[in-house]
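Data block below; observations after.
Only the coordinates and a few stated rules stand behind these numbers; no lab work does. Small disclaimer: the values here were computed from a predicted structure and weren't measured. For neighbour counting, all protein chains shown are included, and Cβ atoms are generated from backbone atoms with ideal geometry for every residue, glycine included.
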Amino acid sequence: MVGSYGAGLTMRVTAVPQAGETVAGATFSAGAGGKGSNQAIGAARLGAEVRLLTAVGKDEFGAAARSLWRAEGVDESGVVTVDAATMVGVILVESGGENRIIIAPGALDRLGPKHVDTFAASIASAQLLMVCNEIPVATVVAALRTAHHHGVPALFNPAPARDLPADARQFVDYLTPNLGEARVLAGLDDTAGVSEILDRLRRMYTATIVLTAGADGAYVDEPSGARMHVDAIRPTSVVDTTGAGDAFNAALAVALCRGESPVAAAHFAAAAGAFSVSKHEATPGLPTPDDIRALLHASGRHPQPHPISNHKNHEDPT
């Protein structure tokens, strides 16, 4: 895993304040965050052997991160400590579970291609490389290129939404945006439907695209031209969507490493995402295999994928 770590400072509010407005009655909590760390922990909880490359500062947040990774079974020997503050994210969560996040990158801005070079042996020995987008684009590209050079498939989670240089897209084997991120990558507005988005991304990427769509489930678009819709798993409740994408990506990666097809992996990942939204904060929402089995059992069904038209004028629900 090459990605981010940050401390998450969460405020739970009845409503997000407008400009100049003060909202009282919030509750506060602090915890671990960052998409790279979340996905690394999520994969480890599901039984994967995970090595992490990220950057932290010489502060209490960095020290706490290393303790967390050791406790979760994530190999943090490749993590670098730099002369900058550990990334901090401020998260506003409304009562309905929707969140807004502000990031101060700090140490992550110092994570560069030279650090990827020192991590190259770990990438070369992996079954799959996961890369997220909360680190400098040059570092993302260096990690993807290294994996490609060693014949290691790479999963790129473009969150936050920022596209790769065109000549680096060939290094991506699995692209995992949500709807909002996919629209940004594709250069489309909010009126674009799923098929239009996937058609545009297919012209840009040769990767298998796994597009997450919240309560509408996920869409798996294969380079062969096959396009399938995977039903969502209904969560027991929705209290916080923070980290749902990380839980999904971690589970998807683990299932792919087990040899499951992208569609089957997306089913498994959908259950992980459903578990995540039923918990407050990202780390508590990263499931174990027992959590996923219990959720699938409680749902009373094992949803099957549905083929969808890939004609550009077809309208899909968003």
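Of note:
- Lysine-lysine proximity count for the chain, Cα under 25 Å, sequence distance 8 or more or distinct chains: 4
- The charge dipole of the chain, taken about its Cα centre with unit charges on the Cβ of Lys, Arg, Asp and Glu (plus for the first two, minus for the last two), comes to roughly 420 debye.
- Applied to region 209-226, the Karplus parametrisation 6.51 cos²θ - 1.76 cosθ + 1.60 on θ = phi - 60° returns per-residue 3J(HN,Hα) values of 9, 10, 9, 8, 9, x, 5, 8, x, 9, 10, 10, 10, 8, x, 5, x, 5 Hz, with x for Gly and Pro.
- Matching label, mean projected area of the Cα convex hull in nm² computed from the structure shown, candidates (1) 15.9; (2) 18.8; (3) 22.2: (1)
- Debye, to nearest 20: dipole size of region 1-62, +1 on Lys, Arg Cβ, -1 on Asp, Glu Cβ: 180
- FRET efficiency for residue 15 and residue 226, using Cβ-Cβ distance with R0 set to 41 Å, rounded to 0.05: 0.40
- Which of 162, 51, 66, 45 has the fewest Cβ neighbours within 10 Å, and the rest in rising order: 162, 66, 51, 45
- Fraction of antiparallel bridges per DSSP, the chain only, in percent to nearest 5: 50
- From phi via Karplus (6.51, -1.76, 1.60), per-residue ³J(HN,Hα) for region 125-139 in Hz, x at Gly/Pro: 8, 7, 7, 7, 9, 10, 9, 10, 9, 8, 10, x, 4, 4, 6
- Karplus (6.51, -1.76, 1.60) ³J(HN,Hα), θ = phi - 60°, over region 86-96, in Hz, Gly and Pro reported as x: 4, 3, 10, x, 9, 10, 9, 10, 7, 4, x
- Sequence-distant residues sharing a close amide H with residue 84 (under 5 Å, placed H): 58
- Fewest-first sequence of 173, 240 by Cβ atoms within 10 Å of each Cβ: 173, 240
- Cβ crowding within 10 Å ranks 14, 81 as 14, 81, fewest other Cβ atoms first.
- Relative contact order (%) - region 114-250, alpha-carbon pairs under 8 angstrom, separation at least six: 16
- Taking amide H as placed 1.01 Å from N in the peptide plane, the amide H of residue 178 sits under 5 Å from that of 212, each at least 5 places away or on another chain.
- Considering only region 86-224, percent of DSSP beta bridges that pair antiparallel, nearest 5: 55
- Its Cα centre serving as origin, region 150-267 has a Cβ charge dipole (Lys and Arg +1, Asp and Glu -1) of approximately 180 debye.
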